[in-house]
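In what follows, a structure is listed as structure tokens, so that the remarks can point back to it.
The values are calculated or read from the model by the stated rules, or taken from the named source; none is laboratory data. As the structure is a computational prediction, the values presented were derived from the model and not from experiment. Don't worry about glycine lacking a Cβ; one is built from the backbone with ideal geometry, like all the others, and counts go over all protein chains shown. These accessible areas exclude ligands, DNA and RNA; they are computed on the full protein's heavy atoms, side chains included. Shrake-Rupley method; radii C 1.70, N 1.55, O 1.52, S 1.80 Å.
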Amino acid sequence: MIIFSLLILPLGGVVSAGVKLPTAPCGTILASYKGVPARSNQNYPYGSCAGRSVYGLRYQCVEYVRRFYHQVKGIDLGEGTMAGNWEHAGSFFKDAAEKGLDAFENGGPVSPLPDDIIVFQGGPYGHVAIVTGVGDDHIEFIEQNFSPTGTDRLAYDPLTHRAADRIVPGGKFILKGWLRPSSDPFPRTETPVSKTFP
């Protein structure tokens, strides 16, 4: 009997099925959007390869979202706690109003826009990322602590306002929806994400 090992790192790093994928050294810039770089967290799915910053555990998905919103929009999303360490991504959707954000369900009446926070349910802590573009059949986003490139895309149907869930070995991350500041409901001009490879 052949047993295949299955490793799922839900908040990031590398998602692999029995194969160790190359991971950029800690802090390496993977991609950048509106001047805010997404960096490698190496192989620390539940912690940090570089300690804490004012935005939380460095190079976690939540740290990127908080840093992006503060630097680009001047909005402090605050930091709750999860086991006394950091706020987990899965709480973003239900706590949206407390953060001054409006929540829109995947497949609801409102389409995602660039700069929206997308929220995934999956793994023990969920995942968050920033939308960088919405095409005719896909959405693109930038993230930390999940993909080795710092960016990804999912299929999207603009007629139903539904984006696909994210399939990973051994399961999936369900896209709950997107968040945007209550004071910023109008469409914005898209700025393409730039990629930096190590």
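What to note about this one:
- Taken over the stretch 105-121, the residue count meeting the criterion of being more than 16 Å from Pro158 (Cα to Cα) and open to solvent by 10 Å² or more (accessible area, probe 1.4 Å) is 1.
- Top-ranked residue in the stretch 87-135 [being hydroxyl-bearing (Ser, Thr, Tyr) and part of a loop (DSSP other than H, G, I, E, B); ranked as farthest from Gly150 (Cα to Cα)]: Ser111
- Hits in the stretch 143-177 (condition: surrounded by 18 or more Cβ atoms within 10 Å (Cβ to Cβ), hydrophobic (A, V, I, L, M, F, W, C) and part of a loop (DSSP other than H, G, I, E, B)): Phe146
- Among residues that are closer than 23 Å to Lys172 by Cβ, open to solvent by 60 Å² or more (accessible area, probe 1.4 Å) and modelled with pLDDT under 90, Val19 is included.
- Exactly one residue out of Val65, Val54, Val134 is under 22 Å from Asp165 (Cα atoms) and open to solvent by 40 Å² or more (accessible area, probe 1.4 Å): that is Val134.
- Tally, over the stretch 144-197, of residues that are over 18 Å from the mean Cα position of the chain (by Cα), at pLDDT 75 or above and more than 21 Å from Gly123 (Cβ to Cβ): 7
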